[in-house]
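In what follows, a structure is listed as structure tokens, so that the remarks can point back to it.
The values are calculated or read from the model by the stated rules, or taken from the named source; none is laboratory data. Keep in mind it's a predicted model, so treat the numbers as computed, not measured. Note that we place each Cβ from the backbone using ideal geometry, even for glycine, and neighbour counts take in every protein chain shown. Please note that ligands, DNA and RNA were not included when accessible areas were found on the heavy atoms of the full protein model with its side chains. Shrake-Rupley method; radii C 1.70, N 1.55, O 1.52, S 1.80 Å.
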Amino acid sequence: MNKLFGTDGVRGEAGSFLTASMAMKVAMAAGIYFKAHSRTNKILIGKDTRRSGYMIENAIVSGLTAIGYDVIEIGPMPTPAIAFITQNMRCDAGIMISASHNSYEDNGIKFFDGQGDKLSHSVEREIEEIYADDERLQEAQVRAKKIGKAKRIDDVIGRYIVQLKNSFPRELSLQGMRIVLDTANGAGYIVGPTVLEELGADVIVLHNKPDGFNINEGCGALHTKDLQDSVVKYRADLGIALDGDADRLVVVDENGEIVDGDHLLGALGVYMNDTGVLKGEGIVSTVMSNQGLEDYMTSKNLKLFRSDVGDKNVLEIMKKKSINFGGEQSGHVIISDFAKTGDGLVSALQVLALLINTNTKASEVLRPFKLYPQKLVNINIKAKKPLEKIEGLDAKLKNLDDKHIRHLIRYSGTENKLRVLLECIDAKIMEKEMDTMIEFFQKALNG
């Protein structure tokens, strides 16, 4: 059986990997699983701004109604909004059609259960098994009055806006703050500016005119030059870049400089602890996070718990340890008091609350510790050969260990890429070893 689910849902090029027929079949398989646990017989669907979203959305609706589900379509909305509204509207499940930060050619399908949580690996495997069982898919299809119905609702954005504003301290206002917001021509292009303006900010909005093809194109969390230049040009207090589905953010200080994701996690985590709202013994991040973050948390008598890569894995440890704050170096930040998954806008509002309450500039308060030199390289590869079967890799890793170089080597869950991360207190040694590792993997995986 082929594996459907990657790091974050089902994702690939729309029309080739993720076809209309595949989307319909995935929807039927997921619907069969959710039917067994159904309370309301309703499933919510949202999407980002990709042209292919129309095709995939209609295919999913066909698959779900074919097995008797009623479907609620809410159009372009951030991924965290789907998680929230699914629970708020008492749906059995929520579906987000998005490939997040990928370019418009790709698309994906993300699932949330009735509580707004991402699915566990065991549930994903169960859906994959149903997907592969053609007889079960055929038997699940219904007839006549049992066929489901679909309706589009356009006014649910208000529920999410209220939730976002509730995450911002009621006694504070953004009056007098100038913010540049880059919405990446993505799912946050309406709700992002609306929330910041309603809270009183002077907002300069970039890349908020989606055309189906310009999502993440030279903008947003992966391409911040426009944002950095605009922060300096307009003398803004802060710059915020979202990605295509608005579940992550990148922050730019008043000087136009990017704030490292680990700096952001450290500053927010300690701020939450100082204000008495941090729950648990510390914060959660991934194996990708810099050692400097761990040292900083230790200096504040807090712990850093590390998970595998992926905000779903971060959240899993947060739940186990009863911690309400965690995230990834890449900008996925989870504040579970207000969101069930990474939420770029919730995170941005907490950063703004920190600036207001400490009465300090972003360049000062958002860089509270020194980072170890760290480098991440993505290597394009032909095929994902199991790492343990790559001859000579063990010796290479032992060499890194002997030189006190922290290393993390893994395949991308959604692309044919090998990610190599090295971290060392001596940048020159790290750079030299990175060159060696790149050369080694190019030969081992590309011939």
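Quick notes on this one:
- Part-to-part distance (alpha-carbon centres) for segment 143-195 and segment 274-301, which is given in Å: 30
- Environment charge at Lys279 (Cβ cut-off 12 Å; Lys +1, Arg +1, Asp -1, Glu -1): 0
- Relative packing of peptides 277-290, 224-237 - highest average C-beta neighbours within 10 Å first: 277-290, 224-237
- Note on Ile390: accessible area approximately 10 square angstrom, rounded to 10, probe 1.4 Å, nucleic acids and ligands left out.
- Antiparallel content of DSSP bridges confined to the chain, in %, to 5: 55
- Computed label-point distance, nm, for sites Lys146 and Ser173 using a 7 Å Cα→Cβ extension: 5.9
- Relative to the Cα centre, the charge distribution of segment 324-419, modelled as +1 at Lys and Arg Cβ and -1 at Asp and Glu Cβ, gives a dipole magnitude of about 420 debye.
- Percentage relative contact order, the chain, counting C-alpha pairs under 8 Å, at least six apart: 13
- For segment 295-394, the Kirkwood hydrodynamic radius comes to 16.6 Å, computed from all pairs of different C-alpha atoms.
- GluC sites (Glu not before Pro) restricted to segment 145-243 and DSSP loop, no more than 10 other C-beta within 10 Å: Glu171
- Electrostatic dipole magnitude of the chain [Cβ: Lys, Arg +1; Asp, Glu -1; Cα centre; debye, to 20]: 880
- Probe 1.4 Å, accessible area per residue of segment 255-392, Å²: 43
- Of all aspartates and glutamates in the structure, those lying under 14 Å Cα to Cα from Lys279, and not within fewer than 8 positions of it along the same chain, are Asp337.
- When nucleic acids and ligands are ignored and a 1.4 Å probe is applied, Lys149 ends up with an accessible area of around 130 Å².
- Peptides 45-54, 117-126, ordered by how many other C-beta atoms sit within 10 Å of their residues on average, highest first, read 45-54, 117-126.
- Spacing of the modelled spin labels on Leu371 and Glu431, each 7 Å from Cα toward Cβ, amounts to 1.6 nm.
- Distance from segment 26-40 to segment 319-365 (C-alpha centre basis), Å: 33
- Sulfur and carbon atoms: percent of accessible area, segment 335-447 [1.4 Å]: 51
- Cross-link partners for Lys443 among the lysines, with Cα-Cα distance under 21 Å and sequence neighbours closer than 8 places in the same chain left out: Lys375, Lys382, Lys384, Lys385, Lys389, Lys396, Lys398, Lys417, Lys432.
- Segment 71-162 - charge dipole about Cα centre, Lys and Arg +1 at Cβ, Asp and Glu -1, debye rounded to 20: 620
- Segment 8-126, accessible area per residue, ligands and nucleic acids excluded (1.4 Å, Å²): 30
- Between segment 78-117 and segment 428-447, the alpha-carbon centres lie 38 Å apart.
- Over 30 Å between alpha carbons, listed pairs Lys312/Lys403; Lys165/Lys319; Lys118/Lys149; Lys118/Lys146; Lys149/Lys340; Lys151/Lys225: Lys312/Lys403; Lys151/Lys225
- Surface composition of segment 147-227: carbon and sulfur atoms hold 49% of the protein heavy-atom accessible area at a 1.4 Å probe.
- Accessible area per residue (1.4 Å probe, heavy atoms of protein chains only) ranks Val346, Val365 as Val365, Val346, with the largest value leading.
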